[in-house]
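The values are calculated or read from the model by the stated rules, or taken from the named source; none is laboratory data. Since the structure is predicted, the reported quantities are computational estimates derived from the model, not experimental observations. All Cβ positions, glycine included, derive from the backbone under ideal geometry; neighbour counts span all protein chains shown. Note: areas computed on protein heavy atoms with side chains; ligands, DNA, RNA excluded. Shrake-Rupley method; radii C 1.70, N 1.55, O 1.52, S 1.80 Å.
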Amino acid sequence: MLLDEVVRTWTAVSASAGRLAKIAELAGLLRATPPAEIPIAVAFLSGELTQRQIGVGYAAIMDVAGRAAAQAASSPQLTLTETDAAFGAIGQVTGAGSQAERRRLLAVLFARATTAEHEFLVRLLAGDLRQGALAGVMTEAIAAAAGVQAADVRRAHQLSGSLAAAASAALGPAEPAPARHAGPADVPADGRTAALRSVLLEVGRPVRPMLAASAPTVADAMAKISPAVVDWKIDGIRVQLHRTGDTVRIFTRTLDDITGRLPEIVSAGLSLQATSAVVDGEAIALRADGRPRPFQVTAARTASQPDAGGLGEQVPLTLFIFDLLHADGTDLMDAPAAERFARLRQIAPPELVIPRIVTSDTAAAEAFFDDAVARGHEGVVVKSPQASYGAGRRGGEWIKVKPRHTLDLVVLAAEWGHGRRRGWLSNLHLGARDPRTGGLVMLGKTFKGLTDATLTWQTERLLALADPPQQAGLPAGGQPPPHGVVRVRPELVVEIAFDGVQGSSRYPGGVALRFARVLRYRPDKPAAEADTIDAVRAFWAPADDGG
């Protein structure tokens, strides 16, 4: 199949406002896609690469695309397979001169692409393919193309960890292809359903993790779930541990294999009283007194290579397990949580199981929450004892509760958005007051929590404060949208919620906010009344960074 067919479908889906119209466009393409290319088409139209990452940054993409613009191919010639293979070749380049070689290979690909394909490739590589074909829409499109239930596609996606793999099961040939390629029309619907339902949990292959909704208070969560299992919420790295005999593999929430980096977690997995198991949990760096070290310490430890300076001994991680998906040949994902948790207690040493209580008493749950926070943890997760394990789903069966911290900060600058936010000022640069100098200290950036209405308002307001003055809006005549950073007079105050404060060598104040998001603007509040850098540092214990 030509890449051009995918590009034309992307254009049509982008122009479609309705969900059903998007599904129809995608399903039509998938019906016409050869089975071998279905994973590529699904990945591309979902805004992903089959390789996930190929080591080419945004600046390199834009440079190559700019140079190739005047030499675009006059007619479509690239196929999906050729494009995917080119990405694979780029991703495999390593060693000295790899950056230049990646650019050269990317330039070769762009030289064979049309102008329309250039735009698609740039957006695909930059993670900016905002056409609305998210997982939910693509799941329904696959189901429509195959004539099967979306629930069966969704479960295959969850268990395989890959929407492309689920699409292959739904749309590929049920049996080895004859001389001509078998396609969706050649396979009965019940055969495609059977293929989807044959996708099962496989020890050693990660599944998408179950996610939690949020509630502002424990009482709010308990009003929805009671009786409830209440777990500590640990501020670590989500890990999924798979054990088969003496072999243990560890995956992140994004399904990356990090086994070689965490020998101590491998050892913990080998302590399970089971010959095969799949468990869900968190790995976290703790101080000697049991309190958590800053998140950045855990993150740096899990990001390190296997032999990076003996970090495994300097910064050991502790495993907390909170769920069991499989044990000794029995899949437990569909079992009630209470059954899974009871089985977990049978096979895991007590020190590896997350602290939890089971209660219908809101006061008891609130006391448990207060104790978790006092110990330095994020809060709690309130869970339904009857819930199955909804891989990849964020439903109401798990509800996280965290204390919300807020600060009033000053907007120092903003960056022009791209993708759906083109023409709006989006990413905000945030600062706190320094009472000693009278100046402002930058703490980081955020683009989260912004509705379309807020984006419109803040663009107009910040452009009025721009220094030097700037003009608003998308330019006429097909010119590229504005880009870059707009510095503003430090007058506008915004209320920011955040999850914590961490040490940072990137910013002059030595600290940065974690998971900052906009709650609301405070045009009624002058910058002189914004929070100080001292107030920010009060949320951070510098000694924690060292142990």
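Among residues of the range 245-263 that are assigned to a helix (DSSP H, G or I), those with a Cβ under 7 angstrom from a residue that is modelled with pLDDT of 90 or more and open to solvent by 40 Å² or more (accessible area, probe 1.4 Å), sequence gap 6+ or separate chain, pair up as 259/249. Looking at the structure I just gave you, is residue 84 more than 16 Å from residue 164 (Cβ to Cβ), among the acidic types (Asp, Glu), in contact (Cβ under 8 Å) with a residue 24 or more places away in the chain and open to solvent by 20 Å² or more (accessible area, probe 1.4 Å)? No; evaluated as a whole, the condition is false for this residue.
Going by what's in this entry, would residue 301 be described as modelled with pLDDT under 95, touching a Lys or Arg at 6+ places or on another chain (Cβ under 9 Å) and either among the small types (Gly, Ala, Ser) or open to solvent by 20 Å² or more (accessible area, probe 1.4 Å) (or both)? Taking the combined requirement at face value, the residue does not satisfy it. Quick one: how many residues across the range 32-54 are within 22 Å of residue 103 (Cα to Cα) and touching a Gly at 6+ places or on another chain (Cβ under 6 Å)? Qualifying residue count, the range 32-54: 2. Do you know which residues across the range 1-45 are of a type in the set (Val, Ile, Thr) and surrounded by fewer than 17 Cβ atoms within 10 Å (Cβ to Cβ)? Passing the criteria: only 11. May I ask you to verify whether residue 437 is without any contact (Cβ under 8 Å) to a residue 60 or more places away in the chain and open to solvent by 60 Å² or more (accessible area, probe 1.4 Å)? Judged against the criteria, residue 437 is a match. Within the range 309-348, the residues that satisfy the criterion of being over 29 Å from residue 199 (Cα atoms) and part of a loop (DSSP other than H, G, I, E, B) are 309, 310, 315, 316. Within the range 213-255, the set of residues being among the charged types (D, E, K, R), in contact with a strand residue (DSSP E or B) (Cβ under 7 Å, 6 or more places away or on another chain) and open to solvent by 60 Å² or more (accessible area, probe 1.4 Å) comprises 224, 249, 253. For residue 48, are the conditions met, namely being over 15 Å from residue 143 (Cα atoms) and open to solvent by 60 Å² or more (accessible area, probe 1.4 Å)? For residue 48, the condition - over 15 Å from residue 143 (Cα atoms) and open to solvent by 60 Å² or more (accessible area, probe 1.4 Å) - is met. Restricting the range 59-68 to residues that are of a type in the set (A, V, I, L, M) and open to solvent by 60 Å² or more (accessible area, probe 1.4 Å) leaves a set whose member that is nearest to residue 111 (Cα to Cα) is 62. With respect to residue 112, determine if the residue is under 16 Å from residue 49 (Cβ atoms), basic (Lys, Arg), modelled with pLDDT of 90 or more and surrounded by 14 or more Cβ atoms within 10 Å (Cβ to Cβ). Considered against the rule, which asks whether it is under 16 Å from residue 49 (Cβ atoms), basic (Lys, Arg), modelled with pLDDT of 90 or more and surrounded by 14 or more Cβ atoms within 10 Å (Cβ to Cβ), residue 112 comes out as no. Just checking, does the range 66-78 include any residue being modelled with pLDDT of 90 or more, of a type in the set (D, E, K, R) and part of a helix (DSSP H, G or I)? No, that holds for no residue. Among the residues of the range 458-483, the one identified as open to solvent by 100 Å² or more (accessible area, probe 1.4 Å) and at pLDDT 85 or above is 460. Would you confirm whether any residue within the range 36-47 is within 26 Å of the chain's Cα centre (by Cα), assigned to a loop (DSSP other than H, G, I, E, B), of a type outside the set (D, E, K, R) and closer than 19 Å to residue 164 by Cα? Yes - at least one qualifying residue is present in the range 36-47. For the range 406-434, a residue qualifies if it is surrounded by fewer than 17 Cβ atoms within 10 Å (Cβ to Cβ) and not in a strand (DSSP E or B), and the qualifying residues are 419, 420, 434. The condition (being farther than 14 Å from residue 67 by Cβ, buried (at least 23 other Cβ atoms within 10 Å of the Cβ), of a type in the set (D, E, K, R) and at pLDDT 90 or above) is satisfied by just one residue among 140, 117: 117. Scanning the range 179-213 for residues that are over 20 Å from residue 258 (Cβ atoms) and of a type in the set (Asp, Glu), which turns out modelled with the lowest pLDDT? Across the range 179-213, the extreme among qualifying residues is 186. Looking at the range 142-171 only, could you name the residues that are among the hydroxyl-bearing types (Ser, Thr, Tyr), within 21 Å of the chain's Cα centre (by Cα) and assigned to a helix (DSSP H, G or I)? Scanning the range 142-171 gives a single hit, 160. If you go through the range 437-448 and pick out every residue that is modelled with pLDDT of 90 or more and part of a loop (DSSP other than H, G, I, E, B), you end up with 2.
Tell me yes or no: at least one residue of the range 369-384 is among the polar types (S, T, N, Q), surrounded by fewer than 20 Cβ atoms within 10 Å (Cβ to Cβ) and in contact (Cβ under 8 Å) with a residue 40 or more places away in the chain. Within the range 369-384, not a single residue is among the polar types (S, T, N, Q), surrounded by fewer than 20 Cβ atoms within 10 Å (Cβ to Cβ) and in contact (Cβ under 8 Å) with a residue 40 or more places away in the chain.
Selection within the range 391-405: residues that are within 18 Å of residue 282 (Cβ to Cβ) and at pLDDT 85 or above. The member of this set that is surrounded by the most Cβ atoms within 10 Å (Cβ to Cβ) is 401. Taking (1) within 26 Å of the chain's Cα centre (by Cα); (2) surrounded by fewer than 14 Cβ atoms within 10 Å (Cβ to Cβ) in turn, residue 207 satisfies each apart from (2). Within the range 340-356, does at least one residue satisfy the condition of being under 23 Å from residue 292 (Cβ atoms), of a type outside the set (S, T, N, Q), more than 25 Å from the chain's Cα centre (by Cα) and open to solvent by 60 Å² or more (accessible area, probe 1.4 Å)? Within the range 340-356, one or more residues are under 23 Å from residue 292 (Cβ atoms), of a type outside the set (S, T, N, Q), more than 25 Å from the chain's Cα centre (by Cα) and open to solvent by 60 Å² or more (accessible area, probe 1.4 Å).
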